[in-house]
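Presented below is the structure to which this report refers.
The values are calculated or read from the model by the stated rules, or taken from the named source; none is laboratory data. In this text the structure is predicted, and so the values were computed from the model without any measurement. Don't worry about glycine lacking a Cβ; one is built from the backbone with ideal geometry, like all the others, and counts go over all protein chains shown.
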Amino acid sequence: MNDLIPGVKTTGSIKISEEEVNQNKVDLVGLRKRVGMVFQQPNPFPFSIYDNVAYGPRMHGVTNKKELDAIVEESLRQAALWDEVSDRLDKPATGMSGGQQQRLCIARVLAVKPEVILMDEPTSALDPISTSKVEDLILELKKDYTIVIVTHNMQQASRISDETAFFLNGEIIEFADTKTIFTNPKEQKTEDYISGRFG
């Protein structure tokens, strides 16, 4: 996504199933199917709730209405949203609450069955009740998906993650299971951040 930004420099290696992502010949459409993204601000398309979820499968060639209906329902159920919106699937997604819009964006990702879901501060724009719903959803989804979440909320990281990496100025300072990071970090910079000496 940063390729078109002037001056951006990308180094290092990112592999998914042994395939290097940072290479010129990578199939971007295929990569975007394998890696779903949920952003800080909910970003529903200016379509109906149904069409938001059906968009990805349609882009990947699904045209059968019954099949699309099943995908939409399953994805909205996985996103814990079906019971709230099943009677208004034809209504604009932009009319939903912020928390519902974020769960819709998660349903949109789930509709294409990714291998990995990247979430960038997915609850930072949400109220505490909506945040709790999204966190509960993440805890459920991580049984079936690899989820990488960026958060500056240490309590959230300790509640929902299995493993934690602490980054500082673009460098990985420490990586370990979450309990170790929060109770017995090895690096002084990690200890300083966890204890609130900076940040």
Residue list for segment 148-196, filter: surrounded by 15 or more Cβ atoms within 10 Å (Cβ to Cβ), touching a helix residue (DSSP H, G or I) at 6+ places or on another chain (Cβ under 7 Å) and charged (D, E, K, R): Glu174
Some residue of segment 186-195 being among the hydrophobic types (A, V, I, L, M, F, W, C), touching a residue at least 24 places away in the same chain (Cβ under 8 Å), touching a Leu at 6+ places or on another chain (Cβ under 7 Å) and not in a loop (DSSP other than H, G, I, E, B): no
Residues of segment 6-60 that turn out to be loosely packed, with under 13 Cβ neighbours inside 10 Å and modelled with pLDDT of 95 or more, as a count: 1
